[in-house]
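The values are calculated or read from the model by the stated rules, or taken from the named source; none is laboratory data. Note that this is a predicted model, so its numbers are computed, not measured. Note that we place each Cβ from the backbone using ideal geometry, even for glycine, and neighbour counts take in every protein chain shown.
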Amino acid sequence: MKLVLLLLGAFLLFFLQKYIYQTYWKKQLTVSIRFQERPVFEGESACLTEIIENRKLLPLIHLNVKFQISRYLQFQNMENTTVSDQTYRSDIFSVLFFQRITRTLQFHCQKRGYYEIKQADCISSDLLMTHSLVTILPVQTFLYVYPKSIDISSLEVPFRKMIGSITSRQFLYEDPFEFRGIRDYTITDPMNKINWKASARSGNLMVNLHDSTASQEVILFLNLEDESIWKKEFLHEVSIRLAGAISHYFLSKSIPIQMICNAYDLLTGQVATIPAGTGLCQITTIYQILARIDLSRPTVSCKQQLQDLLYTQNRTVPLYIMISSNLRPDLQEAFANLTQNSAGALWIAPLTADMELPISSTLDMQVIRWEVSPYET
């Protein structure tokens, strides 16, 4: 009789704990997976943080957290990781009552892109591990991997030749960073122009003089259209890196830049174009758009973009830069029509050593060959 009661009690306890875990195991359980907030450049390392928190009296002896990310993000510790079309991560935790576990995973960013984690699968069990408990939790985290930094010091001379001196005393807008000298204060001068140190030394109020700056806009074309049916993605990746480096160069000199690309933004589904702008916000926007360019989709016609701009451009005379390994004659003609009588025009052609450059510099446009190794990563 005692044995029967003992077995009955065991069965009751078994079904009771099973019921309790089925009912309460995911209550007050939070699983957070998030990328670091700071974006990184292609080739750099970043980190991912997992936070598991169990805020109840019921312990979870076994909790398996699974998620997937792009295979271009390679974890330094490949334990619990499977790589195929994606990288599949499966981490196992043992979470006691009212416990919080934080784990940081380092990974290497092999390719530019916009990477997201949208959900995590959580698998647990009852106390005796006889019954599986599964739930899917939404996760919202993303990471920008910007195009790899590229040295464009060899383009310094052509850029300076295009721009010339942007400092001019004949323009209307003063640049507070272009200091020219000091003079005596007049009643029409605003108080923020007073140089208090010079005034103290001279005994009279003195004001700062500034030069004016000519605002010169740059329009950058990024053509990612293949010249034939053969796709050369490595040339397009180099073109994207050049676009980022060139944008950074001009924006660091406070020169507004507009970018027109004929590829699609994988996040918005729209053609990747950015209006003219300056400052830190503009370079961030450009790098984000470059990271999100989707090379798997067909591009729109760069020739058509050039023609559309020719018919809609305003009275300003910008500097034009074309980055394109596609050198079709009709594209050359469209760019020449747009840039004739412009303030300056430059065509940068990323090509491998065995590719010809069937275009040469003219009075209105300079052509530069950018040598690319087919093994460049």
remark   = Across (1) modelled with pLDDT under 95; (2) surrounded by fewer than 16 Cβ atoms within 10 Å (Cβ to Cβ), residue 58 clears everything bar (2)
inquiry  = Please verify whether residue 299 is under 24 Å from the mean Cα position of the chain (by Cα), surrounded by 16 or more Cβ atoms within 10 Å (Cβ to Cβ) and of a type outside the set (Lys, Arg), treating the condition exactly as stated.
reply    = yes
remark   = When (1) within 22 Å of residue 257 (Cβ to Cβ); (2) under 24 Å from the mean Cα position of the chain (by Cα) are applied to residue 306, the one that fails is (2)
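This table checks each residue for (1) at pLDDT 95 or above; (2) of a type outside the set (D, E, K, R); (3) outside any loop (DSSP other than H, G, I, E, B); (4) in contact with a strand residue (DSSP E or B) (Cβ under 9 Å, 6 or more places away or on another chain).
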site: 207; (1), (2), (3), (4): no, yes, yes, yes
site: 230; (1), (2), (3), (4): no, yes, no, no
site: 240; (1), (2), (3), (4): yes, yes, yes, yes
site: 264; (1), (2), (3), (4): yes, yes, yes, yes
site: 273; (1), (2), (3), (4): no, yes, yes, yes
task = Name the residue, out of 353, 334, that is outside any loop (DSSP other than H, G, I, E, B), more than 28 Å from the chain's Cα centre (by Cα) and either small (Gly, Ala, Ser) or outside the structural domain of residue 230 (by TED's automatic domain parsing) (or both).
result = 334
query = Would you call residue 284 without any contact (Cβ under 8 Å) to a residue 12 or more places away in the chain, in the same structural domain as residue 160 (by TED's automatic domain parsing) and not aliphatic (A, V, I, L, M)?
reply = yes
key: Selected residue (only one of 69, 92, 136 is assigned to a strand (DSSP E or B), outside the structural domain of residue 343 (by TED's automatic domain parsing), among the hydrophobic types (A, V, I, L, M, F, W, C) and surrounded by 12 or more Cβ atoms within 10 Å (Cβ to Cβ))   = 69
message = Exactly one of these conditions fails for residue 171: (1) surrounded by fewer than 16 Cβ atoms within 10 Å (Cβ to Cβ); (2) modelled with pLDDT of 65 or more; (3) among the hydrophobic types (A, V, I, L, M, F, W, C). Give me its number.
response = (2)
